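Shown next, in structure tokens, is the structure this report addresses.
The values are calculated or read from the model by the stated rules, or taken from the named source; none is laboratory data. This is a predicted model, so every value here is computed, not measured. Quick reminder, even Gly has a Cβ in these numbers, built from the backbone with ideal geometry, and neighbours come from all protein chains shown. Note: areas computed on protein heavy atoms with side chains; ligands, DNA, RNA excluded. Shrake-Rupley method; radii C 1.70, N 1.55, O 1.52, S 1.80 Å.
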Amino acid sequence: MFDILGIPAPLLFGQLLLGLINGAFYAMLSLGLAVIFGLLNIINFAHGAQFMMGAFAAWMLLEWLGLGYWWALLLAPIIVGFTGVVLERTMIRQLYKLDHLYGLLLTFGLGLIIEGVFRNEFGSSGLPYRIPPELSGAWDLGFMFLPVYRGWVVVAALILCLATWLLIEKTRLGAYLRAATENAALVQAFGVNVPRMVTLTYGAGVALAAIGGVLAAPIYSVNPQMGTNLIIVVFAVVVIGGMGSILGSIVTGFGLGIIEGLTKVFWPEASATVIFVIMAIVLLARPAGLFGRA
């Protein structure tokens, strides 16, 4: 073994891996928030609860129906995304022409209600969810052991984030979505069902959070507070990257995860606040965020 800057290599690379894993979840959650805010102008504070619902959906599919991890990756986002569609059609749709504060308050209240329901039903201690056999074990890289599942999470998050960015920025559907945020009446005049597209966009943003919840279930215990523990940091990530910026959410999520991991090595006391310090600096220098538009 060898040292890097006086730090044992296994410790340094282990923290880098933890930072990448945290960054993967920051990127996935902030991506869903950016999609919803950028295309619907709604600050979705229920996103953490919907992330938690994805993890619980995976647990229920396994414990109640015997459907394993791979089925959960397919079905949980559909189930949770459908609940998002119902919320958009029944409540959130009424707020599009109002100030952002109304959407924030509504989704904040919905998040509290969802978390309370799950806490009342399942308690707060957390439920285990086992790693699928195909992704168990670890690779010996010589300088560290890389758990297979954690490597899978980072790769899956990268693929999901890049696919979402390509869909929104490089396809005709993405062009319709972006155009609808600028002039919905004009897009509808071309025969596009804008209300349905908006509904499905919110559902897709919620589904992104649910996928993150399924990926997180084997790493963290499945509990009602798991989304609450992440959502404040994720909002800081979104603000730093730029509200509504898809690329900003991806780059900033992974980057801040790595910075947080390195801070735990070199200055552990600051690891809990470093992201918020960076947010304050970015807001002072560039209020729209690193990738945002004024």
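Here are a few things to note about the model shown:
- Residues that are out of contact with any Ser or Thr (no Cβ under 9 Å at 6 or more places or on another chain), open to solvent by less than 20 Å² (accessible area, probe 1.4 Å) and either free of Cβ contacts under 8 Å to residues at least 12 places away in the same chain or under 21 Å from Tyr149 (Cα atoms) (or both), drawn from the stretch 219-253: Val222, Met226, Gly227
- Condition check for Val85: at pLDDT 95 or above, in contact with a helix residue (DSSP H, G or I) (Cβ under 9 Å, 6 or more places away or on another chain) and open to solvent by less than 70 Å² (accessible area, probe 1.4 Å): no
- Some residue of the stretch 257-265 being in contact with a helix residue (DSSP H, G or I) (Cβ under 9 Å, 6 or more places away or on another chain), under 30 Å from Met60 (Cα atoms) and either in contact (Cβ under 8 Å) with a residue 40 or more places away in the chain or open to solvent by 50 Å² or more (accessible area, probe 1.4 Å) (or both): yes
- Residues of the stretch 266-289 that turn out to be over 25 Å from Gly244 (Cβ atoms) and open to solvent by less than 90 Å² (accessible area, probe 1.4 Å), as a count: 5
- In the stretch 267-289, the qualifying residues are those that are in a helix (DSSP H, G or I) and touching a residue at least 12 places away in the same chain (Cβ under 8 Å), and the one that is farthest from Gly23 (Cα to Cα) is Leu283.
- Listed conditions (1) open to solvent by less than 20 Å² (accessible area, probe 1.4 Å); (2) modelled with pLDDT under 90 are all met by Leu215, apart from (2).
- Check on Arg178, of a type in the set (Lys, Arg) and open to solvent by 70 Å² or more (accessible area, probe 1.4 Å): yes
- Any chance Thr171 is open to solvent by less than 60 Å² (accessible area, probe 1.4 Å), among the hydroxyl-bearing types (Ser, Thr, Tyr) and without any contact (Cβ under 8 Å) to a residue 60 or more places away in the chain: yes
- Unmet criterion (only one of (1) among the small types (Gly, Ala, Ser); (2) farther than 16 Å from Ala217 by Cβ; (3) at pLDDT 90 or above) for Gly137: (3)
- Test: residue in the stretch 194-206 that is more than 22 Å from the chain's Cα centre (by Cα) and open to solvent by less than 70 Å² (accessible area, probe 1.4 Å): yes
Let's see how each residue does on (1) free of Cβ contacts under 8 Å to residues at least 12 places away in the same chain; (2) on the phi < 0 side of the Ramachandran plot; (3) surrounded by 24 or more Cβ atoms within 10 Å (Cβ to Cβ):
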{"residue": "Asn22", "(1), (2), (3)": "no, yes, no"}
{"residue": "Met28", "(1), (2), (3)": "no, yes, yes"}
{"residue": "Gly54", "(1), (2), (3)": "no, yes, yes"}
{"residue": "Ala57", "(1), (2), (3)": "no, yes, no"}
{"residue": "Leu61", "(1), (2), (3)": "no, yes, no"}
{"residue": "Leu74", "(1), (2), (3)": "yes, yes, no"}
{"residue": "Ile78", "(1), (2), (3)": "no, yes, no"}
{"residue": "Arg93", "(1), (2), (3)": "no, yes, no"}
{"residue": "Tyr96", "(1), (2), (3)": "no, yes, no"}
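- Among (1) open to solvent by 60 Å² or more (accessible area, probe 1.4 Å); (2) in a loop (DSSP other than H, G, I, E, B), the one test that Gly292 misses: (1)
- Residue in the stretch 134-157 that is over 19 Å from Leu16 (Cα atoms), outside any helix (DSSP H, G or I) and open to solvent by less than 30 Å² (accessible area, probe 1.4 Å) present: no
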